[in-house]
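The values are calculated or read from the model by the stated rules, or taken from the named source; none is laboratory data. All of these numbers come straight from a predicted model, not from anything done at the bench. All Cβ positions, even for glycine, are placed from backbone atoms using ideal geometry, and neighbour counts span all protein chains on display. These area figures cover heavy atoms from the full protein model, side chains too; ligands, DNA and RNA do not enter into them. Shrake-Rupley method; radii C 1.70, N 1.55, O 1.52, S 1.80 Å.
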Amino acid sequence: SIGRRAITNTLIYVAIVIPFSVGFGLLVAIGLFRMATWAPLLSNLMKTIYFLPVAATLVAMSVAWQMVLHPSLGIVNQTLLSFGMQPQNWLSDRGLVLYTLAMIGIWQSVGYNMVLFLAGLSAIPTELYDAAEVDGAGGGWSRFWTVTWPMLGPTTLFVMVVTATNAFRVFETVATMTKGGPAFASDTLVYALYREGFVYFKAGYASAITMVFFAFLLALALI
């Protein structure tokens, strides 16, 4: 059914967006945090660039992404052609469209997660790194696993909750770029709720989808 497909698509979208956006956000934050010690101006410029997708209107960015992913004129397919690869229908291929939207969701979330991780990194006392080095954890990986990662535990939890909540309620990119198509391949819970309730005026069906959406968010909050 349409509702089951929307639930499945939403869960797949969430399963892709959460780990990649959190992981990339952490990597970018660590890189820029270290860069700030030897190139503060460049670090600030990169922070601004990464944060732009968060500050920009997502609907406008979705329109820009439609142009970038255009089957014949888009820069992505033009780049593939220049390397002798086959261009793809990123937004009209049933096997690709959901992953394309997930990629855009990751791109949009990394900047916000980066800011949160930067705040967490700034709060770690330098004395802990000195103590870890005295205990023999002087390498980059050792410092990360023994000091950085444990101290970022509360920040990581908050980032994951915020990212999961935003991923579950994805709407703007679907409404602007695909409208749930092709053949409901990119249909998500919130867009299905909007379509059934405000386009087809099926109030009962929309209410049922709302309760499913509420159940997912409640389970996430309890976890």
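The condition (being modelled with pLDDT under 90, within 22 Å of V174 (Cα to Cα) and either part of a helix (DSSP H, G or I) or open to solvent by 40 Å² or more (accessible area, probe 1.4 Å) (or both)) is satisfied by just one residue among L73, L101: L73. Here the condition is being at positive phi, under 22 Å from the mean Cα position of the chain (by Cα) and not small (G, A, S); of F171, F213, F184, it holds for F184 alone.
The set of residues from region 163-191 being buried (at least 22 other Cβ atoms within 10 Å of the Cβ), of a type outside the set (D, E) and more than 20 Å from V22 (Cα to Cα) comprises V174, T178, S186, T188, L189, Y191. Residues of region 56-69 that are touching a helix residue (DSSP H, G or I) at 6+ places or on another chain (Cβ under 7 Å) and assigned to a loop (DSSP other than H, G, I, E, B): L69 alone.
Only residues that are touching a Leu at 6+ places or on another chain (Cβ under 7 Å) and assigned to a loop (DSSP other than H, G, I, E, B): list them for region 173-206, please. Answer for region 173-206, where residues must be touching a Leu at 6+ places or on another chain (Cβ under 7 Å) and assigned to a loop (DSSP other than H, G, I, E, B): A185, S186. One residue stands out among those in region 145-162 that are touching a residue at least 12 places away in the same chain (Cβ under 8 Å) and more than 14 Å from A119 (Cα to Cα): the one that is surrounded by the most Cβ atoms within 10 Å (Cβ to Cβ), which is V147.
Considering only residues in region 1-43 that are more than 19 Å from the chain's Cα centre (by Cα), in contact (Cβ under 8 Å) with a residue 12 or more places away in the chain and closer than 28 Å to T188 by Cβ, the one that is surrounded by the fewest Cβ atoms within 10 Å (Cβ to Cβ) turns out to be I2.
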